[in-house]
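Only one structure is covered here, and it is reproduced in the block below.
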Amino acid sequence: MDFERVDMRLMSEEEMIEAGKMAEIVFKLNHTMPNTDEYNKLLKELLGDNIGENSQIMAPIAGAAFDHLKIGNNVFINSNSLLMARGGITIEDDVMMAANVQLLSNNHDEYDRQVLTCKPIHIKKGAWIGAGASILPGVTIGEYAIVGAGAIVTKDVGDYEVAVGVPAKIVKTLDKDKFE
């Protein structure tokens, strides 16, 4: 899979200012009562048009590069999510994520910690991510797939597959006909 390398020492002043603005919005969001007009306004300010209708993200949240995050319709992301989106994160419609989930689309280079290796994460329609799961750079979670609580996902999970463990392994394939 192709990936991008980003040298954090080479960030432009404009990029640094934008990152600071996003951090300020996240701080305010995390100190505002969820599901209020103020909260929804801050969420819209953070994500712009990259969040679909009827989607909710429960505070507190943490992360970076929120402009690289795209969330579909009817998505629910529970509290304490970590969304490191420098490599790009796409979450399709009807996805549910339990508390303490980490989506990490970037990682530090093992030899030069100022360089990020960035690979996109894609979570397809109807997927369910269990509490405390971590999805690592470059992973795709298939349609209606399930990632078990506490799993660390380093490889793609196919449509209708159930992945559990550290590292996550496929333990079952769900009956596709039961979803139609």
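The values are calculated or read from the model by the stated rules, or taken from the named source; none is laboratory data. Just so it is clear, the model here is predicted, and its values are computed rather than measured. Note: ideal-geometry Cβ built from the backbone for every residue, glycine included; neighbour counts use all protein chains shown. These area figures cover heavy atoms from the full protein model, side chains too; ligands, DNA and RNA do not enter into them. Shrake-Rupley method; radii C 1.70, N 1.55, O 1.52, S 1.80 Å.
For the condition in a strand (DSSP E or B), open to solvent by less than 90 Å² (accessible area, probe 1.4 Å), on the phi < 0 side of the Ramachandran plot and not β-branched (V, I, T), what is the one hit in A62, A19?
Step by step, each of A62, A19 is checked, and only A62 is in a strand (DSSP E or B), open to solvent by less than 90 Å² (accessible area, probe 1.4 Å), on the phi < 0 side of the Ramachandran plot and not β-branched (V, I, T).
With a requirement of 3 or more residues that are within 14 Å of the chain's Cα centre (by Cα) and closer than 29 Å to R5 by Cα, the strands (runs of 3 or more DSSP E) lying completely within region 71-180 that satisfy it span 81-84, 89-91, 102-104, 121-123. Only one entry in V164, V139, V153, V147 is open to solvent by 20 Å² or more (accessible area, probe 1.4 Å) and either closer than 13 Å to T90 by Cα or in contact (Cβ under 8 Å) with a residue 12 or more places away in the chain (or both), namely V164. Does N40 count as open to solvent by 60 Å² or more (accessible area, probe 1.4 Å), among the polar types (S, T, N, Q) and either part of a strand (DSSP E or B) or at pLDDT 95 or above (or both)? For N40, the condition - open to solvent by 60 Å² or more (accessible area, probe 1.4 Å), among the polar types (S, T, N, Q) and either part of a strand (DSSP E or B) or at pLDDT 95 or above (or both) - is not met. Can you find a residue that is at pLDDT 95 or above and out of contact with any Cys (no Cβ under 9 Å at 6 or more places or on another chain) anywhere in region 103-113? Yes.
Beta carbons closer than 7 Å, at least 6 apart along the sequence or on distinct chains, never pair a first residue in region 77-90 that is within 17 Å of S55 (Cβ to Cβ) and modelled with pLDDT under 95 with a second that is surrounded by fewer than 22 Cβ atoms within 10 Å (Cβ to Cβ) and among the polar types (S, T, N, Q). Looking at G72, is it over 28 Å from K44 (Cβ atoms), open to solvent by less than 50 Å² (accessible area, probe 1.4 Å) and of a type in the set (G, A, S)? No, not satisfied.
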